[in-house]
Structures are given as structure tokens and as C-alpha cells.
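Student: Attaching a single structure in C-alpha cells format; questions to follow.
The values are calculated or read from the model by the stated rules, or taken from the named source; none is laboratory data. The structure displayed is predicted, hence computed values, not measured ones. Cβ coordinates were reconstructed from backbone atoms using ideal geometry, including for glycine residues, and neighbour counts include every protein chain displayed.
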Amino acid sequence: MKLTDQFPILIIEVPLIAAALMPIIGHWRRKWCMPFATLALSITSMIGYYLMLAVNKSGPISYHVGAWKPPFGIEIYFDHIAAFAFIIALFGLLIVIFSKNYAEHDLEEEKIPIFYTLVMLTLTGMIGFTVTGDLFNLFVFMEILSLSGYALIAISGQMLTAMASFKYLLVGAISSLSVLFGIAFLYSITGTLNMHDMAKMLEVARAPHVASVALTLFVLGFSVKAALFPLHIWLPDAHALAPSPVSAILSGLTVKMGIIGMIRIFFVIYGVHSAINVMPIMEILAWMAAATIVLGAFFAFFQNDIKMMLAYSTISNIGYIVLGLSMAPFDKSKVAYALVGSLVHVFNHAMIKVLLFLCAGAIIYRTGLRKLSDLQGIGKKMPITLAAMSIGVISIVGIPPTCGFTCKWFIALGAMEGGKSLFAALLLFGALFIFAYYIKILNTAYFREPTEAIANVKEVPLSMLIPIVILAAGCLVLGAGTLGYVPIKFIEPAAMALLGR
Amino acid sequence: MNKKVQNYFVLIVMLLCWAVFLFAVAEMPLMGDPGNITNTHVVPRYLEKGVEEGGAPNIVTGIILNYRGYDTSGEVTVIFTALIGVLAVLKRENIKKDKSLVEISPVKTSVIVTTVVKFLTPLIILFAIYMILHGDVSPGGGFQGGAITGGSIIAFTLTFGLLATMRKFRLSIRIPLESSAVLAFIASGLVAMFFGLPFLTFLIPGFGFHTQELIRHALFIIIEIGIGVATGIIFASIFAAMGKVSKE
Amino acid sequence: MTFLSKLGTNFNYVISTLLFVIGLYTIITKPNLIKKFMGLNIMETSVFLAIVSIGAVRDGKAPIVESATKVQYVNPLPQALILTGIVVAVSTTALALSLMIKLYEQCGTLNADKLKEFE
């Protein structure tokens, strides 16, 4: 085997090695933690980029850990969905660069190596979760990313963070257990743990009740991770109270794991063939998603805390993604607009939300204020940050020249095509609400006179500006012009493969 | 009263959930039937070829280390994550500043307890070493041995206090040992990668039969010892972080 | 086979699902965080019981091969999975306990109703 053939495993192992070595390096030379994390994530992103191109060129890559053929050993299956691992590594890199000043400024010195270790671990967990092709392995990686996520929320040690973290832990642990129980049910009727093998065995297994109960448990578990409407209670506190780089990781990347889990369950394991079995669940999911869109946007409108607002906006956007997933057409005559749109939105929302949380983090870093009413006229004091934030705001609303437009347009098209114009209307309504509350941010930032409290505020240091500017440029470039079609072109074959065409 | 009504409502919902579960349970394959799909699809290969392929008479060890070794690699990462998470929430103990309840307690530990613990701790650790090294032929293995080691260190701390114990395990020794399980897994996985084989392959072709077996056993033992040591030290570290009392 | 006799044979699963909902009930109704967490541990145990029961085989021996003669062994895979599951449960418990210690240091109570007042 050439070295490039080993890349599907190295993309998990490189950040894991970094995580294991980080406490040792931190004990020895505290200053080297951040450069080391940056180095490891740069290598990971390069590997991810190579794999993404390889998948695009010649289709999914299957890697057998320990040289055991799939049903017997663990398979790593790098397909178009798994290419999200590249996004995780890349955005992780940007977030780590951003965290340098945050960690030195806000954390106690002995917690700096712990912070970077946890960040590397949570990124490892997410990358593993997206690329693995084995259901139990997926559960193990889910635990890695969840546990490090809980700890990251409470790392600052401030009042209430422990409570937010505990709430997340309790709900998250229930969700992990229901996923594990689902795995147990499926294993008992299929006798295997490999996803593709399971799909084959599930077709011949005659146990519709067990399969439906397992599916319900999976959907419950992953909806908690993705924060769908009745199960979203943990998200606002956790995402708003966590340190800003951590909020960016949680909101931009971790909630997407729930979506990726659902994609694996619906389209890989249950698949097109037992569509009848899946359909009522899809209907319920669509309604849940619609409620999520509206309520998330509604609550976000009334928040004064800037990070709380972003957290509720995450809930609303997850609604869009799940709505798109639930409207995936299983009959072959229709074009899968909604599915393509929601898959692209997974990527776009990650980019926009990381950008917005990093901007919010930059503002809090300089001013120490997080209430919108205290931040009047901040646009004049921190022009670059706020310009980037405006781009993020325009993208998340979905105004044409930015990246947020295409995916929402596709989801709406899919809804119209599926004859569900009610959902299309709800989608538009949600977009208007989002527009209304983001206008509030822009209004306070630019059209008010600076108050006393922020009179001496300067622009943030370079290490914080670089990630923000890169992400803002990404939002613009991937939204319009020739590059605007790149994500859609990439995702389209993935959607077709998921639908078994 | 309102609370009570609420509780009854939850109870009814839970019982309904159970009823739904029972429909699935009634449809599941009968328990204990050798003809179940779980016993005929993947597992026969493990049972028939497990000894030569998996490299251990104890099939469970063979699965943990070999067939599904990558799960175990994730598992040791989970324990490592738990330790780092506990440290992120509570911070590591500081020998100069912190004491444990044993040290600030006005009642001295009795002579019987201290003598017994002093006498038993080395024996328990010896048993743990046996457990770790003997995992492939009998029930046991790295995690079990590590848990026993951790238990003995905790017993020692409970009798002699945090200061006396943690002086024996200095931070500069403990920190590398905590990550040793993850590193041992990665290192033995990389050996195969060096020979151009997939990660975590233990049978490396190109050598004689006996050398092959020897390499495989050596790799297994490295992993088992790594897991055992790391689990023990991680449990001790978690306990120290939780059990510390700041002196001020 | 009738519904009830199948339930009788699959007795372990019946108990396991019952424990699952008992755990969930505890988590939802008990105000004390430690009790909530015990509910979670009950749920964990119930899932482990279910998975181990899947591996059971009538008259099966522990899967340690000592001689070449053909013997009926129990299914070793669920046991291997459970080991991972237990380690995950221990890790979750450790993290949750440390969070509870921190909460108690900061707020002086572990009662969910009283903790709400701090928000």
C-alpha cells in the first residue's frame, strides 16, 4: 500500500496523536501547544483535501482496518458525505488559530494544554464519526465528541457553565443510550455491525416492529444531538455560555453530527428499499423541522444576548437542514432538489455559524460585553470584524450574492416539487424572521453613535482577524460566480448515491 | 399536588413506551437459540478461526484486540477524554496547596487499616499485572487489570492521604503514562503501516511463522500493558482531582 | 408462537426495556441531580443487559478455546461490545460527578428546582 492509500485512517489518527501528545508537550513547554495543534490540523486538512478530490474523481474509498474484510472487521468508508471531515479539519484549524489569544486571555495557565487537548479530541471524534462505516464504531466516536464537548463548555469555570454542561450531558447521555439501544435491536435481527452489510441483512430480516423501534430510537438520539424542536432545550444555554471558539465548534460542527448520523441511518442502513417503513417517520420529521424553523427564529428575535441569538439561530437553521432531508424523494421521477439543498446547507451553515460565533467572540474579547444594547456603534470601532459579521448575517438570511441563498432556494424548490407548498411558505416565513432579527445587529452596530463603554475599543489582533477574514471571503466566493456551483456540483452525486440511483 | 399529577403523567407515558418496546421484544429472535442470525452470520468465523487469526485462545480478547481493535482504540480514547474532561472542570491537584479529607480529618486512621493496606497494595498490584498479561488465555485483560491497579491506588490514598500517594506518582511521570494507552495503540498500528499494511494489522508477512507469532504477541502485550497502566493511572488521577480539598 | 410465550422466552429483553423506562422516569421526575444520574446508570445497565442477552446461547460455554473439539460457545461479539460500553459509561459517570462537584462548590445545592433560581 502506498502512503496515500492510508489516508482514510490517517485523517483520524493525526489529530488523535496530537491529542495524546498535547498534555505531555503542555507540561514541558506550554507555549508550544497552539503551534502543535495548528501543525496537526494543517496536516489533517491537507489529507482531507486530497481525499475529497479522490472521492470526487473516482468514487467512495473503502479502507479495512486490520486487513479484515468488512463484516468481520471495521471498515472506514470515505464517501461524499465523509468529505465533511475535510471541512471539520479546516474549520478546526481556523478556530484553533483564533483561540490563541482567547486561551491566553481568558483561561488559567494550567488549563491551556487541556483546552487544546479537548479541541483535538472533539475534532477527532467528529472526523471519525463522519468517516466510519461501522455502526458501533460510530457510537464510540460519538461518545468521544460528546464527552469532550461537555467538558469544553465548562472549561472556563464560570458560574452557570457547569450547569449548562450538566444539562447537555444528561440529555446527551440519554441520546447516546438510545442510539446504543437502537444498535442492539438492529444487531439482534441482522447479526452484523457494518452499515452496508446491515442494509443487506435488513432487507431479508422479517422483523418490521424491531426495525421501526430501532429507527425511532436512532431518530430520537440523533435529534437530540442535532437539537430538533422538542429536544432542543439543552442547546441555547450550552452554546451561549461556552467560550466563543467552543461555541463555534459546537454550533458549526458538532450539531451537524446529528444530521450526518441521520443521513447514515436513513439512506445507508434503512435505505430506499424499506422506504415504506421510513415514510411516516419522514412525515413526523418534516413537521418537527418546520416547528424548529419557526420557533427557533421566533425566540432568536427576542434575545438581547448576542450569543444567545446566534444559538437560537442555529436551532432554526437545523430545521432547514432536516426539512430538506425529510423531503428526499424516493421515487425516481423527481429531482432531489431538497436533499441537495440540505446537504449543501450543512456545509454552508457550518461556515456561516463558525464565522458569526468567531466575530461574536472577537467582540466579546475586546469589549467584554455581550448584550446587543451595550454594543451600539461598535461597527465604527471594529470595522473589519463587523464587515465580516455583516457578510455572515447577509449569508445566513440568504440574500443572493452570498452562499446562503442557493441552498435555501433548493430546499424551497424541493418542497414545491414534492407538493408541500405549506413547508415552502414556512421556510420563507422563517427567512423573513431571521432577516428581522439580524437587521437588529446591523442596525445597532452601524447606525448608532458609540457609547462610553466602548470608546477605547480597538480592532482585534491579527491571529483573530485572519480566520474571520478567510471565512467571510469563503461566504462571498462560494455564493456567487463560477465558484458558487462548486459545493452543489460536489454534493449532487452524493445525493444521487444516497437515493440509490 | 401539581408535581404529583405530573409524575403520574410521566409514569403513564413511560408505561406506554414500554408497551411499544414489548411489541418489538415479542418479534425479536428467541433468546438462546443457536440458529439466530447473530450466531450464524458473522460470529462463526470468530469462533472457528479466532485462535489462529485472532491470536488468542480467549475469543473475546481476540475480538477486542484484533478483529475490532479499532473500537478498543476508540475506547481508550474515551477514557482519556474523560480524564481530560475532569481536569478541565476541576483542575489537577496541587501538592503544595491541596490536601485530602484523610489529611485534614481529626481522627487518625487505625493501625489495623494502615497495616493491612500496606501489606495488600503490592499484592493487589501483582494480581493486576497477572490479569493484564494473562488476558489472552483467561477472562481479564488491560481494562480489568487497570481498574484493579486504580482501585489499589485509591485504597492507598484513602488510608495515607493525597500527599503521600501523589509524591510517589509525580506529575512528570503521570502525564506521559496517562496517554500511554492511546500512544501504544497508535504505535503498534503504525508498525503495520510501516510495512505497507492497513492500520492495526498484527500478522506481518515476510517473516517466518514463529517470528510472525512473536511480533504479534509482542504487539499485543505492548497494547495490553499500555491499556493497563493508563487505565490505572487515569483512575488515580481522576480520584485525586475529585478528592482534593483546597487548604487556603 | 403466541405473543405471551415469546415474551416469556425473551424475558431478559422484557426486563431490560422495563429498566430502560424506569431509568428515564427517574431522570425526568427526580429533582436531585445525583438521583437523576442514577437513573441514567439504570438506563445504561438496561442496555448492557439487552446486548449481553443477544449473545446468550443455550448450554453455551464461555468463548475460551481450549481444545479442538467442537463445543457450543456463546456469542463473543456482544461481550466485546459491552466492555466498550462499560468503559464509556464509566467515563460519562466520572465527568458527570466532577461537574456535580463543581456545581455544588458554586451553588451549594444539587436540587434541580433550587438550581433554577441561580439562572
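Student: I need the full set of residues from the stretch A:464-485 which are in contact with a helix residue (DSSP H, G or I) (Cβ under 9 Å, 6 or more places away or on another chain), modelled with pLDDT under 80 and in a helix (DSSP H, G or I), in order please.
Tutor: Result: A:LEU483, A:GLY484, A:TYR485.
Student: Give the residue, chosen from C:LEU18, C:LEU77, C:LEU24, C:LEU4, that is more than 7 Å from chain B (Cβ to nearest Cβ) and of a type in the set (A, V, I, L, M).
Tutor: Among C:LEU18, C:LEU77, C:LEU24, C:LEU4, only C:LEU4 is more than 7 Å from chain B (Cβ to nearest Cβ) and of a type in the set (A, V, I, L, M).
Student: A follow-up question, please. Does A:LEU386 count as closer than 24 Å to A:PHE302 by Cβ, touching a residue at least 60 places away in the same chain (Cβ under 8 Å) and in a loop (DSSP other than H, G, I, E, B)?
Tutor: No.
Student: Just to be sure, is C:ASP113 of a type in the set (D, E, K, R) and outside any helix (DSSP H, G or I)?
Tutor: no
Student: If B:GLY50 meets every condition in (1) in contact with a Leu (Cβ under 8 Å, 6 or more places away or on another chain); (2) buried (at least 24 other Cβ atoms within 10 Å of the Cβ); (3) of a type in the set (Gly, Ala, Ser) apart from one, which number is that one?
Tutor: (1)
Student: Any idea which of A:ILE434, A:ILE468, A:ILE491 is in contact with a Leu (Cβ under 7 Å, 6 or more places away or on another chain), closer than 30 Å to A:THR367 by Cα and crowded, with 20+ Cβ neighbours inside 10 Å?
Tutor: A:ILE468
Student: Another question, then. Among all residue pairs at least 6 apart or on different chains, which show Cβ distances below 7 Å where the first residue, located in the stretch A:174-185, is touching a residue at least 40 places away in the same chain (Cβ under 8 Å) and under 10 Å from A:PHE218 (Cα atoms) and the second is among the hydroxyl-bearing types (Ser, Thr, Tyr) and crowded, with 24+ Cβ neighbours inside 10 Å?
Tutor: Final answer for the pair search is A:SER176/A:SER146.
Student: From the set of residues in the stretch A:296-307 that are touching a helix residue (DSSP H, G or I) at 6+ places or on another chain (Cβ under 6 Å) and part of a helix (DSSP H, G or I), which is surrounded by the fewest Cβ atoms within 10 Å (Cβ to Cβ)?
Tutor: A:PHE301
Student: Any residue at all in the stretch B:77-91 that is surrounded by fewer than 23 Cβ atoms within 10 Å (Cβ to Cβ) and of a type outside the set (A, V, I, L, M)?
Tutor: Taking every residue of the stretch B:77-91 in turn, at least one turns out to be surrounded by fewer than 23 Cβ atoms within 10 Å (Cβ to Cβ) and of a type outside the set (A, V, I, L, M).
Student: Tally time: how many residues in the stretch B:157-174 are buried (at least 18 other Cβ atoms within 10 Å of the Cβ) and of a type outside the set (Val, Ile, Thr)?
Tutor: 6
Student: Out of the residues in the stretch A:47-61 that are assigned to a helix (DSSP H, G or I) and either out of contact with any helix residue (DSSP H, G or I) (no Cβ under 7 Å at 6 or more places or on another chain) or at the interface with another protein chain (Cβ under 7 Å from one of its Cβ atoms) (or both), state the one that is surrounded by the most Cβ atoms within 10 Å (Cβ to Cβ).
Tutor: Of the stretch A:47-61, the ones assigned to a helix (DSSP H, G or I) are A:47-58.
Checking which are either out of contact with any helix residue (DSSP H, G or I) (no Cβ under 7 Å at 6 or more places or on another chain) or at the interface with another protein chain (Cβ under 7 Å from one of its Cβ atoms) (or both) leaves us with A:53-55, A:57-58.
Working: A:LEU53: 12, A:ALA54: 17, A:VAL55: 21, A:LYS57: 7, A:SER58: 8.
Checking each candidate, the answer is A:VAL55.
Student: Go over the candidates A:ILE25, A:ILE11, A:ILE17 one by one and state the one that is at the interface with chain B (Cβ under 8 Å from one of its Cβ atoms) and not small (Gly, Ala, Ser).
Tutor: A:ILE17
Student: Hey, C:GLU44 hits all of (1) in contact (Cβ under 8 Å) with a residue 12 or more places away in the chain; (2) away from chain B (no Cβ under 12 Å); (3) surrounded by fewer than 23 Cβ atoms within 10 Å (Cβ to Cβ) but one; which does it fall short on?
Tutor: Result: C:GLU44 passes all but (3).
Student: Going through the stretch C:80-119 one residue at a time, which ones are of a type in the set (Val, Ile, Thr) and either facing another protein chain (nearest Cβ under 7 Å) or over 16 Å from the mean Cα position of the chain (by Cα) (or both)?
Tutor: Listed by number, the residues that qualify are C:THR84, C:VAL87, C:VAL88, C:THR92, C:ILE101, C:THR109.
Student: Another question, if that's okay. With the checklist (1) within 8 Å of another protein chain (Cβ to nearest Cβ); (2) free of Cβ contacts under 8 Å to residues at least 40 places away in the same chain in hand, flag the one item C:MET38 doesn't pass.
Tutor: With respect to (1) within 8 Å of another protein chain (Cβ to nearest Cβ); (2) free of Cβ contacts under 8 Å to residues at least 40 places away in the same chain, C:MET38 is out only on (1).
Student: For the stretch A:18-33, give me each residue that is assigned to a helix (DSSP H, G or I) and surrounded by fewer than 21 Cβ atoms within 10 Å (Cβ to Cβ).
Tutor: The answer is A:LEU21, A:ILE24, A:ILE25, A:HIS27, A:TRP28, A:ARG30, A:LYS31, A:TRP32.
Student: Keeping to the stretch C:67-101, report how many residues are touching a strand residue (DSSP E or B) at 6+ places or on another chain (Cβ under 6 Å) and of a type in the set (A, V, I, L, M, F, W, C).
Tutor: Final tally of qualifying residues: 2.
Student: Considering the stretch C:57-66 alone, what residues qualify as being touching a strand residue (DSSP E or B) at 6+ places or on another chain (Cβ under 7 Å) and among the small types (Gly, Ala, Ser)?
Tutor: Applying the first criterion (touching a strand residue (DSSP E or B) at 6+ places or on another chain (Cβ under 7 Å)) to the stretch C:57-66 yields C:57-58, C:60-61, C:63-64.
Scanning the stretch C:57-66 gives a single hit, C:GLY60.
Student: Among the residues of the stretch A:415-438, are any among the charged types (D, E, K, R) and not in a helix (DSSP H, G or I)?
Tutor: yes
Student: Give, as residue ranges, the helices (runs of 4 or more DSSP H) completely inside the stretch A:151-262 that count at least 2 residues that are closer than 30 Å to C:GLU105 by Cα, aliphatic (A, V, I, L, M) and within 14 Å of another protein chain (Cβ to nearest Cβ).
Tutor: A:161-190, A:235-241
Student: Restricting attention to the stretch C:49-66, and to residues there that are out of contact with any Phe, Trp or Tyr (no Cβ under 7 Å at 6 or more places or on another chain), among the small types (Gly, Ala, Ser) and within 16 Å of A:GLY191 (Cβ to Cβ), which single residue is farthest from the other protein chains (Cβ to nearest Cβ)?
Tutor: Checked the stretch C:49-66; the qualifying residue farthest from the other protein chains (Cβ to nearest Cβ) is C:GLY55.
Student: Taking A:ARG29 and the conditions (1) under 26 Å from A:ILE466 (Cβ atoms); (2) touching a residue at least 12 places away in the same chain (Cβ under 8 Å), which numbered condition does it fall short on, given that it satisfies the others?
Tutor: With (1) under 26 Å from A:ILE466 (Cβ atoms); (2) touching a residue at least 12 places away in the same chain (Cβ under 8 Å) applied to A:ARG29, the lone miss is (2).
Student: Here's a follow-up. What is the residue count in the stretch C:37-86 for residues that are assigned to a helix (DSSP H, G or I) and not polar (S, T, N, Q)?
Tutor: 24
Student: Is the stretch B:137-154 home to any residue that is in a loop (DSSP other than H, G, I, E, B) and crowded, with 19+ Cβ neighbours inside 10 Å?
Tutor: yes
Student: Examine the stretch A:104-115 for a residue that is out of contact with any Lys or Arg (no Cβ under 7 Å at 6 or more places or on another chain), modelled with pLDDT of 90 or more and closer than 14 Å to A:PRO245 by Cα, and state whether such a residue exists.
Tutor: Within the stretch A:104-115 (the criterion being out of contact with any Lys or Arg (no Cβ under 7 Å at 6 or more places or on another chain), modelled with pLDDT of 90 or more and closer than 14 Å to A:PRO245 by Cα), the answer is yes, since at least one residue qualifies.
Student: Also, I was wondering about something else. Regarding the stretch B:120-129, can at least one residue be identified that is of a type in the set (Ser, Thr, Tyr), within 22 Å of the chain's Cα centre (by Cα) and not in a loop (DSSP other than H, G, I, E, B)?
Tutor: yes
Student: In the stretch A:62-98, how many are away from chain B (no Cβ under 14 Å), outside any loop (DSSP other than H, G, I, E, B) and either among the small types (Gly, Ala, Ser) or under 30 Å from B:TYR46 (Cα atoms) (or both)? Lay out the reasoning, then the answer.
Tutor: So the first thing to find is which residues in the stretch A:62-98 are away from chain B (no Cβ under 14 Å), and the list is A:79-98.
From the residues that got through so far, the ones that are outside any loop (DSSP other than H, G, I, E, B) too are A:84-98.
Cutting the leftovers down to either among the small types (Gly, Ala, Ser) or under 30 Å from B:TYR46 (Cα atoms) (or both) gives us A:85, A:89, A:92.
The number of residues fulfilling the criteria is 3.
Student: If you go through the stretch B:132-163, how many residues are within 14 Å of chain C (Cβ to nearest Cβ) and touching a Pro at 6+ places or on another chain (Cβ under 9 Å)?
Tutor: Residues in the stretch B:132-163 being within 14 Å of chain C (Cβ to nearest Cβ) and touching a Pro at 6+ places or on another chain (Cβ under 9 Å): 3 in total.
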